[in-house]
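Structure, as structure tokens:
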Amino acid sequence: MNLEISQAQFGVRPPVIKPIPEFLLEVGEKGVRELVSKHYDAIKKSDIYQLFPQDDTEFEQAKVNSADFFIQICGGPAYFNTNRGAPRMVGRHAPFRIDAKARQTWLELYKPLLEELKEQGVTETSLLSFWGYLNIFSIWMINTQ
Ligand code: HEM
């Protein structure tokens, strides 16, 4: 599966396309929560962990918030809006110094998890659509040169 990482140009926010509805239909809400949880667990062992909550309870809550967002953006119930308010993703990431390298790491940590979903039978079309969304929208979160 070709999970390509686009080169980011600082300050440029390319247009984002949401994942196709088939992604959530195939993976399911529980599957998305597991995916996000595994991604956060991988973050914990990476060199971007220092950006994230160091308190375990807060870290677990971060998983819930993020999964709420991903389910919502993938066409599911508006969990994030209900629990956290308007997404304002760029603003919510502003307190953290996210550079191109941090984005690269963040994305790389998703790759094995998406390969795992492929082995479990999720279609490549759905996975590539989800990846395309992450690949582009993650560029928007870069706020540090
Ligand atoms: C570019 C690399 C990224 C880094 C380094 C990063 C880092 C962070 C950090 C440090 C937090 C705060 C702790 C937490 O609540 O988890 C956070 C929150 C969050 N991030 Fe990211 N993030 C990145 C990209 C993204 C992308 C692309 C998305 C969505 C597609 C996203 C969605 C979220 C959500 C939904 C939250 C929770 C916000 C809240 O509830 O207040 N992040 N991120």
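Coordinate-derived values only; no laboratory data. Everything numeric in this text was worked out from a predicted model, so none of it was measured. Using ideal geometry, Cβ is built from the backbone for each residue, glycine included, and neighbour counts are taken over all protein chains shown.
Some points to look at:
- Failed item, numbered, when A67 is tested on (1) part of a helix (DSSP H, G or I); (2) more than 10 Å from the ligand (Cβ to nearest atom); (3) aliphatic (A, V, I, L, M): (2)
- Residue pairs meeting the criteria (Cβ under 7 Å; at least 6 apart or on separate chains; first touching a residue at least 60 places away in the same chain (Cβ under 8 Å) and under 20 Å from Y49 (Cβ atoms), in segment 72-101; second of a type in the set (S, T, Y) and assigned to a loop (DSSP other than H, G, I, E, B)): none
Table: residues versus (1) of a type outside the set (A, V, I, L, M, F, W, C); (2) more than 19 Å from I136 (Cβ to Cβ).
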residue: G28; (1), (2): yes, yes
residue: V36; (1), (2): no, no
residue: D47; (1), (2): yes, yes
residue: S66; (1), (2): yes, no
residue: G76; (1), (2): yes, yes
residue: P112; (1), (2): yes, yes
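- Residues within segment 1-28 that are crowded, with 16+ Cβ neighbours inside 10 Å and outside any loop (DSSP other than H, G, I, E, B), tallied: 5
- Apart from one condition, R103 fits all of (1) surrounded by fewer than 19 Cβ atoms within 10 Å (Cβ to Cβ); (2) out of contact with any Asp or Glu (no Cβ under 7 Å at 6 or more places or on another chain); (3) of a type in the set (D, E, K, R); the exception is (1).
- Every residue from segment 38-49 that is within 12 Å of the ligand (Cβ to nearest atom), assigned to a helix (DSSP H, G or I) and free of Cβ contacts under 8 Å to residues at least 60 places away in the same chain: Y40, K44, Y49
- Hey, L113 touching a residue at least 60 places away in the same chain (Cβ under 8 Å) and among the hydrophobic types (A, V, I, L, M, F, W, C) or not: yes
- Members of segment 131-140 found to be under 11 Å from the mean Cα position of the chain (by Cα) and near the ligand (Cβ under 10 Å from one of its atoms), listed by number: Y133, L134, N135, I136, F137, S138
- Set side by side, the residues E116, E124, E108 differ, and just one is within 12 Å of the chain's Cα centre (by Cα) and among the charged types (D, E, K, R), which is E108.
- Total residues in segment 24-70, condition of a type in the set (K, R), closer than 21 Å to V122 by Cα and under 15 Å from the mean Cα position of the chain (by Cα): 2
- Subset tally (residues that are in a helix (DSSP H, G or I), within 9 Å of the ligand (Cβ to nearest atom) and either surrounded by fewer than 15 Cβ atoms within 10 Å (Cβ to Cβ) or more than 16 Å from the chain's Cα centre (by Cα) (or both)) for segment 78-88: 2
- Of all residues in segment 50-60, those being under 27 Å from F23 (Cβ atoms) and either of a type in the set (F, W, Y) or away from the ligand (no atom under 11 Å from the Cβ) (or both) number 2.
- If you go through segment 89-121 and keep only what is more than 8 Å from the ligand (Cβ to nearest atom) and among the small types (G, A, S), you end up with G91, A94, A100, G121.
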